[in-house]
1. Determine the pairs where a residue that is within 16 Å of residue 14 (Cβ to Cβ), located within segment 45-60, has a partner that is loosely packed, with under 11 Cβ neighbours inside 10 Å and small (Gly, Ala, Ser) with Cβ atoms under 8 Å apart, the partner being 6 or more residues away or on another chain.
2. Consider only pairs whose beta carbons are under 7 Å apart and that are at least six residues apart or on different chains; among these, list those whose first residue lies in segment 8-21 and is part of a helix (DSSP H, G or I) and whose second residue is acidic (Asp, Glu) and surrounded by fewer than 14 Cβ atoms within 10 Å (Cβ to Cβ).
3. Go through (1) surrounded by 13 or more Cβ atoms within 10 Å (Cβ to Cβ); (2) in contact with a Gly (Cβ under 9 Å, 6 or more places away or on another chain); (3) under 22 Å from residue 128 (Cα atoms); (4) not hydrophobic (A, V, I, L, M, F, W, C) for residue 19 and report which single condition fails.
4. Going by what's in this entry, would residue 128 be described as under 25 Å from residue 67 (Cβ atoms), among the small types (Gly, Ala, Ser), modelled with pLDDT under 85 and out of contact with any strand residue (DSSP E or B) (no Cβ under 9 Å at 6 or more places or on another chain)?
5. Across segment 70-93, what is the number of residues that are under 20 Å from the mean Cα position of the chain (by Cα) and within 19 Å of residue 128 (Cβ to Cβ)?
6. Report, ordered by the first and then the second residue, all pairs with beta carbons closer than 9 Å, sequence separation of six or more or different chains, a first member in segment 73-96 that is within 17 Å of residue 124 (Cβ to Cβ), and a second member that is surrounded by 12 or more Cβ atoms within 10 Å (Cβ to Cβ) and of a type in the set (Lys, Arg).
7. Does at least one position in segment 46-59 carry a residue that is in contact with a Lys or Arg (Cβ under 7 Å, 6 or more places away or on another chain), closer than 18 Å to residue 126 by Cβ and outside any helix (DSSP H, G or I)?
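The values are calculated or read from the model by the stated rules, or taken from the named source; none is laboratory data. Values in this document were obtained by computation on a predicted structure and should not be read as measured data. Glycine also receives a Cβ, built like all others from the backbone with ideal geometry; neighbour counts cover every protein chain displayed.
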Amino acid sequence: MNRTLGSKAEQEARRLAAGRLLLAGKRNAEVVRALDVAPSSVTRWKKIVRRQGLDGLRTKPPPGRPPKLSRRQRKTLVRILLRGALAAGFSSELWTGRRLAQVIQTTFGVEYHPNHVLKILHQLNFTSQKPLRRARQQDRNGLERWRAVEWPRIKKGRLAGASL
């Protein structure tokens, strides 16, 4: 038997159904067959129902500190990200943790450390990007010519002079 599928509400409904069957006097094996759940789960739920009643089987809120940005604010943040860093007033299209933390601070009044903002990006299904490091004055044609002509000549010279 695999991990239980379904939304939190569906899982809670399954647990409550099991709890009602147990309170009605059904044996563990009958509950397992009726709901197609693991015997160990029924045993665990039976202990909870005995101690706390059906309310003990209800879904509990996730532990930890609640997020600083609401769902609506996160949706707004996605729209800001999609418009681009230039539209947000930056000199390039690169979103850095520092830039994003600054946008969140000015837009929502919420302060985040730049490193934590990158975690939020991943939660929003964005990936990190690194800028290409290239000299501004780079001559592309000259570089291609160097790779085609000079590099093979240098490489051959190195190999010819090497002793084994």
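1. 59/9
2. none
3. Checking residue 19 against (1) surrounded by 13 or more Cβ atoms within 10 Å (Cβ to Cβ); (2) in contact with a Gly (Cβ under 9 Å, 6 or more places away or on another chain); (3) under 22 Å from residue 128 (Cα atoms); (4) not hydrophobic (A, V, I, L, M, F, W, C), the one that fails is (3).
4. On the way: under 25 Å from residue 67 (Cβ atoms): yes; among the small types (Gly, Ala, Ser): yes; modelled with pLDDT under 85: yes; out of contact with any strand residue (DSSP E or B) (no Cβ under 9 Å at 6 or more places or on another chain): yes.
Taking the combined requirement at face value, the residue satisfies it.
5. If we filter segment 70-93 for residues that are under 20 Å from the mean Cα position of the chain (by Cα), which is where we start, we get 70-82.
Going one step further and asking which of them are within 19 Å of residue 128 (Cβ to Cβ), we end up with 74, 77-78, 80-82.
The qualifying residues number 6.
6. 85/99; 88/99
7. No, segment 46-59 has no match at all.
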